[in-house]
Structures are given as structure tokens and as C-alpha cells.
Amino acid sequence: VNDLSVEAAAVNPFTDVKDSNSHAKAILSLYNDGIITGTSTTTYEPGKSATRGEAALFLANALGLQENTEKNGTFKDVPSSSIYYQAVTALTKAGIVNGYGDEFRPNATLTRAQLSKMLTIGFELHQSTQTKTKFTDVNKLTDGATKQYIQTLVDYGITKGTTATTFSPNMKLTRGQLATFLFNAINVASDELTVISVE
């Protein structure tokens, strides 16, 4: 039985996710845990820009927030028939995501900075009070809260940035990066829960 579980944990249906891909471990782990899905049964498209809908769906799966079955959604562009409906409704009610008025724009791309906010709030990370980071491109931002969300992820070791001194906050997030951010955040959260349960 143990041999089967080891094999099952290593299932890779994606022809475009090679072992050499820096996001492969995160993608395959989250796929096998049922948290993320491919763009087809055989492709994940790690270099493709992630959408707001995909990020919401994967984050809600990671947080276990998919039980919401209410049919009074907030956004006209996420009807109850949408695959993102339960995730977006649950995350909105929890205060983890916001829309643009009565639109969520599920097919719009997501930036690395926007995901930083979703992860900090979603995983209830202890938010940094720092408004100066090691990233020169983040320090140029005028929004102090965004700087703090990004620094929070650095504090927890969820991200190292795109280089040693840049984070690329306005860069479109790829599906591969989304998987790695989520994978790291889940590991941090489970470590914290382990510490709390010991006390």
C-alpha cells in the first residue's frame, strides 16, 4: 500500500511541467492535493499569466473555503454558473478579495503585488510594519500597505523576489509563480499551526 501512495504523490499528467522547471515541485504537489488544476488534462501552462479567477479558485481551495453555496453573489461577471463562483463569493465574504464595483474581472490578469495581499490576508499572516524593503522597485511604490504585504511574504520566506533586489510588483503573475507562492504559504501556515498546537 505504501508503494502506491508514493507513486500517487508523484503523478504528473502535465507534458509541459518538466522536473527541471523551478515551479514543478509546487505545481505537482498542489495538483495532487486537489488545490490547483491544469488548463487541460495534460497541460498546466506554467508560463501563462494567471487570472484573478484562477487565483481565487486555487486560494479558496488551499484555505478550504469552497463550502459556500449561497446564490447571491456580489459580482455580475461571476454568475452562480461560473467555476469561480463559490471561491470568489467565499473569499469576498471573508474580506480576502475585492472587486471593481460590481465586477470581479475573473479573466483579468493578476500582479505579483495583488497576490501578496491575497496571501497575507488569506493565510492570516502576521503583517509586517516595515515600509522599506530590500526591493528597490517596491520601495518606489506609493502604497504603504502593498509594501507591507510584500515584506510580510519576505519575512515568512514565501518569496525571495525576481532578483536579490527586485520583486517586480506590477509584473503579471504566471501560473507557475502562483503555484510556488501558494505552496510556500501553505507550508508556512502548516508550520505555524504545528507550533500553536504544541503550546
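The values are calculated or read from the model by the stated rules, or taken from the named source; none is laboratory data. Just so you know, these numbers come straight off a predicted model, no measurement behind them. Don't worry about glycine lacking a Cβ; one is built from the backbone with ideal geometry, like all the others, and counts go over all protein chains shown. Heads up: the accessible areas ignore ligands, DNA and RNA and are worked out on the full protein's heavy atoms, side chains in. Shrake-Rupley method; radii C 1.70, N 1.55, O 1.52, S 1.80 Å.
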#### Entry: Answer residue from segment 168-191, given it is in a helix (DSSP H, G or I) and polar (S, T, N, Q) and is surrounded by the fewest Cβ atoms within 10 Å (Cβ to Cβ) among those
S190
#### Entry: Matching residues, segment 132-157, being open to solvent by 80 Å² or more (accessible area, probe 1.4 Å) and over 18 Å from the mean Cα position of the chain (by Cα)
K132, K134, K140, T142
### Query
Residue check, Q127 against (1) open to solvent by 50 Å² or more (accessible area, probe 1.4 Å); (2) under 25 Å from L28 (Cβ atoms), all met but one. Which one?
(2)
### Hits in segment 134-167 (condition: part of a loop (DSSP other than H, G, I, E, B), charged (D, E, K, R) and within 22 Å of A50 (Cα to Cα))
K160
### Query
Restricted to segment 77-124, and to residues that are in contact with a Gly (Cβ under 9 Å, 6 or more places away or on another chain) and small (G, A, S), which residue is surrounded by the most Cβ atoms within 10 Å (Cβ to Cβ)?
A87
### Task
Filter segment 157-174 down to residues that are more than 14 Å from D137 (Cα to Cα), at pLDDT 95 or above and of a type in the set (S, T, Y), then give me how many there are.
1
### Summary
If we keep only residues of segment 29-65 that are of a type in the set (S, T, N, Q) and in contact with a strand residue (DSSP E or B) (Cβ under 9 Å, 6 or more places away or on another chain), then the residue surrounded by the fewest Cβ atoms within 10 Å (Cβ to Cβ) is S49
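Rundown of residues vs (1) at pLDDT 95 or above; (2) of a type outside the set (S, T, N, Q); (3) within 24 Å of Q148 (Cα to Cα), yes/no style:
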| residue | (1), (2), (3) |
| --- | --- |
| N72 | no, no, no |
| D77 | yes, yes, no |
| S80 | no, no, no |
| A94 | no, yes, yes |
| N98 | no, no, yes |
| R105 | yes, yes, no |
| T109 | yes, no, yes |
| A113 | yes, yes, yes |
### Task
Taking only segment 1-28 into account, find how many residues are aliphatic (A, V, I, L, M), at pLDDT 95 or above and open to solvent by 40 Å² or more (accessible area, probe 1.4 Å).
0
### Message
Can you report the number of residues in segment 44-70 which are outside any helix (DSSP H, G or I) and under 23 Å from M171 (Cα atoms)?
### Response
8
## Note on the structure
In the set S49, S29, the lone residue that is in contact (Cβ under 8 Å) with a residue 60 or more places away in the chain, touching a Leu at 6+ places or on another chain (Cβ under 8 Å) and of a type in the set (S, T, Y) is S49
### Message
Looking at T165 and the list (1) buried (at least 18 other Cβ atoms within 10 Å of the Cβ); (2) β-branched (V, I, T); (3) touching a residue at least 24 places away in the same chain (Cβ under 8 Å), which single condition is not satisfied?
### Response
(1)
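State the number of residues belonging to segment 71-113 that are free of Cβ contacts under 8 Å to residues at least 60 places away in the same chain and part of a helix (DSSP H, G or I).
10
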